[in-house]
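These notes are about the structure you will find just below.
Every read-out reported here was derived from the displayed coordinates using simple, explicitly stated rules and does not represent laboratory data. Bear in mind the structure is a predicted one, so any value in this text is a computation, not a measurement. Don't worry about glycine lacking a Cβ; one is built from the backbone with ideal geometry, like all the others, and counts go over all protein chains shown.
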Amino acid sequence: MEKFIFTINGNKYDTEILEINDDKAQIQVNGITYNVEIDNTKKKVASPVARVARPAAAQTSTATQTIVKPRAAANDNAITAPLPGVILDVKVNVGDTVTAGQHLLTLEAMKMENKIDSPKDGVVKSIAKHKGDSVMEGDALIVVE
């Protein structure tokens, strides 16, 4: 139906509205199809308020957050993105043996670096996303069996 490109926090998302029926829609975001519900209730919105421009504060360092247990995807061995972002670095290669808690990759989301660690011991079977790739929440990143 309609295609849009959204840029959110510097990440581009290619979207397409595939179908709309009453309060349900099917959309595709970066090649992944989602079934969504549309909230048709009308809400009163306050009048816009003029904003005063202020210089952005200088950022001296990037905060770091550790995420130990990403949720599983359709493949129980896949480690998935806990939130949308961009892959900054991948620390392992296919065939590497990893241990539980080992740092696998770094995901930047909302200007924070999130360390994605292995939830279990195993061998890296595949790497679905690479440095510079944008990911959505739930996207498979690495398969460890």
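For the ranges 2-8, 127-133, 21-27, what's the packing order if you count other beta-carbon atoms within 10 Å of each residue, average per peptide, and put the highest first?
Sorting 2-8, 127-133, 21-27 by mean packing, highest first, produces 127-133, 21-27, 2-8.
Using the structure shown, list the pairs from K111/K131; K91/K129; K12/K131; K24/K111; K3/K125; K12/K125 with a Cα-Cα distance above 24 Å, or answer none.
Working: K111/K131 16 Å; K91/K129 12 Å; K12/K131 15 Å; K24/K111 32 Å; K3/K125 35 Å; K12/K125 28 Å.
Correct reply: K24/K111; K3/K125; K12/K125.
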